[in-house]
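> Quick one: structure below, then a few questions.
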Amino acid sequence: MTDEEQAREAAQGEQASVPTHAQRQERQARLERHGLLIFLGQIIGIAAVPLVDAGSQSVPIAYVILSLTIAITTVWILGYQRLTYFLVATSLLAGIWFQLGFAKLAVFGPPPILLFLLVKVVCVIVCIRQAFRAGVPSTQRIYCGAASFIMLGIFFAGIHLFVNKMEIGHYALPAEFEGSRHLRWVDFLWFSFATLSTAGYSDLVPVGSLPLTIATMEGLSGLLFPATLIARIASLPTEHSD
């Protein structure tokens, strides 16, 4: 084979490796569909709350399973297969922990809750990373950013619930509710999103330095995250077609 033929084959190989216009369009459409699925998954997680809530203080197992499934599926959709396997194993470990009854013991109580929070925070991180990456279509970036915002609310709700359950902080109901009902798990979910969105309805009152600090951090996240995402969308280039 002559040098000219080798150069021709190399040029052809380089041309074949460059995505065509149709391939780039298909990839962008696929990414945008993934973003929509991720966002819809978070909406389903919120919409399912009235269906599983029975007014209990503990989070229903059905909602825990649904929330973990949505989180792990999100990580898988974003292409983190190995991390998905790790999160599945972690979730199964937490389930076995509950089934064996270790969660009822004070000394063994925190690990299952911490494992749940671990899965949620990993999901938040990978989704935020996707929203802030360069070269991501704007629609995908917006969907992942909105989904990340919802995930943050659920994650902080878990933090508030954990602090209250472990009795390292205290949350009180408004005076008009005191004595009429007990504190429910949905109160923490409502309080978390009211704080994250800076609505501040004050239907739950954090008492003590730790709950107040967590609520402050959540409120700051609710202000800074959307502003940062909007600035990122405006500054980062997207994948343009020829």
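> Near the amide H of His170, under 5 Å away, which other amide H atoms are found, from residues 5 or more places off or on another chain, if H is placed in the peptide plane?
Amide H neighbours of His170, under 5 Å, 5+ apart: Val207.
> With viscosity set to 1.002 mPa s and temperature to 20 °C, compute the Stokes-Einstein D of region 33-235, Rh being the Kirkwood radius across alpha carbon pairs; µm²/s, no decimals.
So the translational diffusion coefficient is about 121 µm²/s.
> Can you tally the net charge around Gly153? Count Lys and Arg as +1, Asp and Glu as -1, for every other residue whose Cβ sits under 13 Å from the Cβ of Gly153.
After counting each charged neighbour, the total is 0.
> Using the basic label-point model (7 angstrom from Cα toward the beta carbon), what is the Asp53 to Ala89 distance in nanometres?
3.7
> Per-residue HN-Hα couplings for region 159-168, Karplus 6.51 cos²θ - 1.76 cosθ + 1.60 at θ = phi - 60°, whole Hz, x for Gly and Pro?
Here the 3J(HN,Hα) series is 5, 4, 5, 5, 4, 5, 5, 7, 6, 9 Hz.
> Turning to a different aspect of this structure: Extension gain Ile43-Trp97, at 0.36 nm per residue separation less the Cα-Cα distance, in nm?
This chain segment gains 16.6 nm when fully extended.
> Still on this structure, I have one more. Between Ile61 and Tyr201, what length in nm is gained on full extension when 0.36 nm per residue of separation is reduced by their alpha carbon distance?
In short, 47.6 nm is gained.
> How far is it, in nm, from the label point at Ala234 to the one at Arg181 when both lie 7 Å from their Cα along the line to the Cβ?
Going from the Ala234 label point to the Arg181 one covers 4.2 nm.
Readers should treat all values here as calculations from the given coordinates under stated rules, not as data from a laboratory. Since the model is a prediction, treat every value here as computed from it, not as a measurement. A quick note on method: Cβ atoms are made from the backbone with ideal geometry, for glycine too, and the neighbour counts reach across all protein chains shown.
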